[in-house]
Amino acid sequence: MVDPPTVRSLAPHEWRVYRDLRLHALTDSPDAFGRTLADEEGRPDTEWMSRLEKGADSRWDLPLVAEVGGEPVGLAWGRIVRSNPDVANLYQMWVAPGHRRLGVGRMLLDSVITWARARNASYLDLGVTCGDRPAMRLYARAGFRPVGAPQPLRPGSNLREQPMRLALRPGVALPDRIHIFGASGSGTTSLAAAIAGKHGHRRLDTDDFFWAPTNPPYREPRPREQRLALLRQALLGAAPWVLSGSLCGWGDPLIPEFDLVVFLDVPTPVRLARLRAREIARYGRPAIAVGGELHEAHVRFLEWAGRYDTGGLEMRSRALHEGWLGALSGTVVRLAGDRPVGEQLARIEASIAAGGVTRAADPAR
């Protein structure tokens, strides 16, 4: 009769067990980890001792070993960075080849999930090498989903890893494909960053596709078909994503891609103050001051942004945006006023939890 697998925390004195499992993992599965066997095998025993002692005695770490009949057959390490206690991370996950498909990996994973919930983390993050289908299936069955685009596994490697995230607390799941737009200076980029940070969406901005690379930037628009093709290709990447910026007119063929559209309606004086501050930060005060090399372009830009409420359909204007909104058939959340980004995100989540708001006014009113 085969003994069932068990999972427990490694004790500080078990550094040799930890070391041997780690080196075995790197030998067996060199493409699964950010570090290599060459990185680790030359470490002196004192470093292995110190690493495990610090981890085993810390409430921010969870070094685990899986055993069958007393034999170590698997390893995992959970960690929470103190500066970001809302997110736990899973590292060093490995099961010996002879003990795979027996539930050992899921036991290790479940132990880290239970620990992360007990530490009040909201999310558990990990990275899995692209193409490692057994690992991806394991994580997907546990509820993890891809977040953002694949990243390099380690410097100098052609391998890439897919970030994945598990939501640990019951909460609102935002749609996978979100578009945020409004007048220049309304804060679409900041809100997109907040959604990406909390919900794991890949962040895109229409400016990166509308404008050709120039120095200084934002001087030469790409041809319409070129910018549309580039953006379409980007949106075909891994969801979820959040797209900030305006694409009314040139990007209309992409409207069916949006699960949620958020419209930010911010008072013009607030927007212009933000834009002035942004221009100073981007180009420096001397460049945009009277006599500076960018002064005339700066003045033209602020004049253009200030005409949003009165401009016609030929420009990025309220008339253009309101007409575009009126033609949408999907879910729209409209946020009016100068609100903190956190409050904006909370109102979006509340709207989605309530079933969405289609062509409705700001739910705060």
Exercise. What FRET efficiency, computed as 1/(1 + (r/R0)^6) with R0 = 45 Å and r the Cβ-Cβ distance, is obtained for Q233 and A118, rounded to the nearest 0.05?
Worked result: 0.60
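Can you tell me what share of the DSSP beta bridges in the chain is antiparallel? A percent to the nearest 5 is fine. If you can, show how the numbers build up before the last one.
On the way: 31 of 53 bridges.
So the antiparallel bridges in the chain amount to around 60 percent.
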For this session: Under 18 Å from a label point 7 Å along Cα→Cβ of W304: give me every residue in the stretch 231-251 with its amide N that close.
Result: 245-251
Problem set entry | For the chain, built as a Gaussian network whose Cα springs stay under 10 Å, the top-fluctuating residue of A56, A116, A212 | A212
For this session: Obtain the nm distance between the two label points defined at R101 and T27 by a simple spin-label model: each point lies 7 Å from its Cα along the Cα-to-C-beta direction.
Result: 2.4 nm
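Can you work out the FRET efficiency for the pair C130 and L254, with r the C-beta to C-beta distance and R0 = 22 Å, to the nearest 0.05? Spell out each step's value before the answer.
On the way: r = 26 Å, r/R0 = 1.18.
Calculated value: 0.25.
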Problem set entry | Base-10 log of normalised Debye intensity for the stretch 55-134 (one unit scatterer per alpha-carbon) at q = 0.22 Å⁻¹ | -1.03
For this session: Using only the C-alpha atoms of the stretch 218-262, find the volume of their convex hull and express it per residue in Å³.
Result: 90 Å³
Seminar exercise, completed: Summed over the other residues with a beta carbon less than 14 angstrom from that of A212, with K and R at +1 and D and E at -1, the charge totals 0
Problem set entry | Integer Hz, Karplus 6.51/-1.76/1.60 couplings in order for the stretch 291-305, x for Gly and Pro | x, x, 5, 10, 4, 5, 5, 5, 5, 4, 5, 5, 5, 4, 5
Exercise. With each pseudo-label sitting 7 Å past Cα toward Cβ, what's the L159-D45 distance in nm, one decimal?
Worked result: 3.0 nm
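Decide, for the stretch 5-119, between rounded, prolate and oblate: order the square roots of the alpha carbon gyration tensor eigenvalues as a ≥ b ≥ c, take rounded if a/c falls under 1.5, and otherwise choose prolate if a/b is larger than b/c, else oblate.
On the way: a/c = 1.43, a/b = 1.09, b/c = 1.31.
The shape class here is rounded.
What is the ratio of the Cα radius of gyration of the chain to 2.2 N^0.38 Å, where N is its residue count, to two decimals? Walk me through the numbers on the way to the answer.
Working: Rg = 25.2 Å, N = 365, 2.2 N^0.38 = 20.7 Å.
For the chain, the normalised Cα radius of gyration is 1.22.
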Exercise. What stretch of the chain, leaving out the sites themselves, is the longest with no GluC sites (Glu not before Pro) in a DSSP loop having at most 14 other Cβ atoms within 10 Å?
Worked result: 1-292
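Decide, for the stretch 231-365, between rounded, prolate and oblate: order the square roots of the alpha carbon gyration tensor eigenvalues as a ≥ b ≥ c, take rounded if a/c falls under 1.5, and otherwise choose prolate if a/b is larger than b/c, else oblate. Show your work: numbers first, answer last.
Values: a/c = 1.86, a/b = 1.66, b/c = 1.12.
Prolate, because a/c is 1.5 or more and a/b exceeds b/c.
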Problem set entry | Residues in the stretch 43-78 that a label on H13 would reach, taking backbone N under 16 Å of a point 7 Å out along Cα→Cβ | 49-50, 52-54, 56-57
For this session: Return the distance in nm (one decimal) between the two label points of a simple spin-label model at N84 and D57, each offset 7 Å from Cα along Cα→Cβ.
Result: 2.7 nm
For this session: Using θ = phi - 60° and the Karplus relation 6.51 cos²θ - 1.76 cosθ + 1.60, list the HN-Hα couplings for the stretch 150-162 in order, rounded to whole Hz, with x at every Gly or Pro.
Result: x, 10, x, 5, 6, x, x, 9, 7, 6, 10, 10, 9
Exercise. Of D252, D205, D31, which has the largest mean-square fluctuation in a 10 Å C-alpha GNM of the chain?
Worked result: D252
Problem set entry | Selected from R316, R339, R43 as most flexible by GNM, with the chain as the system and alpha-carbon contacts under 10 Å | R43
For this session: Using θ = phi - 60° and the Karplus relation 6.51 cos²θ - 1.76 cosθ + 1.60, list the HN-Hα couplings for the stretch 331-344 in order, rounded to whole Hz, with x at every Gly or Pro.
Result: 7, 10, 10, 10, 10, 10, x, 8, 10, x, 4, x, 5, 4
For this session: For the chain, calculate the relative contact order in percent as a whole number, restricting contacts to Cα pairs under 8 Å that are 6 or more residues apart.
Result: 12 percent
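Report the gain in length on full extension from R276 to H295: 0.36 nm times residue separation, minus Cα-Cα distance, nm rounded to one decimal. Walk me through the intermediate numbers first.
Numbers: separation 19, 0.36 × 19 = 6.84 nm, distance 1.17 nm.
Result for the pair: 5.7 nm of gain on full extension.
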Problem set entry | Ascending count of other beta-carbon atoms within 10 Å, so fewest first, for K198, K54 | K54, K198
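Read the figures in this text as sums done on the coordinates, not as results from a lab. Owing to the predicted nature of the structure, the values given are computational and were not obtained by experimental measurement. For neighbour counting, all protein chains shown are included, and Cβ atoms are generated from backbone atoms with ideal geometry for every residue, glycine included.
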